[in-house]
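Read through the structure below, which is laid out as structure tokens, and then see the notes.
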Amino acid sequence: MRTSSWMGVLAALCVSGGALAHHGWSSYDSARAMTLTGVIRESGYENPHGYIELEEQEKTWHVVLAPPSRMQSRGLPASALKEGAKVTVEGHPHRTTQDELRAERITVGGKTVELR
């Protein structure tokens, strides 16, 4: 009985830890739309959300994308997000984190993909 109680507590902690790792979209200012064009300096095609580090003029933005499964199903493979690719993203800035944007859509290689 004692072992199963500890296992239940451990399972609950694991589940809650995963939930805490995922951030809510209320941290982004949905009333303020932005469009950025620049060059990808780094990218990640990983869960829970992909990302790119976008160099736009003299500033680098951390751009949060969609989950890989959604990007893949909508025609945006990981290979499209290669370093050096020129992209345009439209989205909403983070309310408190400078230089972070949640992308609604991305245009790369002449193709626009809706991310949300």
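Below are the figures for this structure:
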read-out: Residues within the range 96-113 that are in a loop (DSSP other than H, G, I, E, B), at pLDDT 95 or above and closer than 16 Å to Glu55 by Cα, tallied; value: 1
read-out: Output for the range 61-76, where each listed residue is more than 14 Å from Tyr28 (Cα to Cα) and part of a loop (DSSP other than H, G, I, E, B); value: Ala66, Pro67, Arg74, Gly75, Leu76
read-out: Number of the exception - Pro93 against (1) touching a strand residue (DSSP E or B) at 6+ places or on another chain (Cβ under 7 Å); (2) surrounded by 17 or more Cβ atoms within 10 Å (Cβ to Cβ); (3) in a loop (DSSP other than H, G, I, E, B); value: (3)
read-out: Residues located in the range 29-53, provided they are crowded, with 18+ Cβ neighbours inside 10 Å and more than 12 Å from the chain's Cα centre (by Cα); value: Leu36, Gly38, Ile40
read-out: Candidates Ala85, Ala80, filtered to the one that is surrounded by 14 or more Cβ atoms within 10 Å (Cβ to Cβ), hydrophobic (A, V, I, L, M, F, W, C) and closer than 15 Å to Glu114 by Cα; value: Ala80
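For every residue, the table says whether it meets (1) at pLDDT 95 or above; (2) among the β-branched types (Val, Ile, Thr); (3) touching a Gly at 6+ places or on another chain (Cβ under 9 Å).
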{"residue": "Val39", "(1), (2), (3)": "yes, yes, yes"}
{"residue": "Glu42", "(1), (2), (3)": "yes, no, no"}
{"residue": "Gln57", "(1), (2), (3)": "no, no, yes"}
{"residue": "Val64", "(1), (2), (3)": "yes, yes, yes"}
{"residue": "Met71", "(1), (2), (3)": "yes, no, yes"}
{"residue": "Leu81", "(1), (2), (3)": "yes, no, yes"}
{"residue": "Val87", "(1), (2), (3)": "yes, yes, yes"}
{"residue": "Pro93", "(1), (2), (3)": "yes, no, no"}
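The values are calculated or read from the model by the stated rules, or taken from the named source; none is laboratory data. Source: prediction; values computed, not measured. Cβ sites come from the backbone with ideal geometry, for glycine too, and all protein chains shown count toward neighbours.
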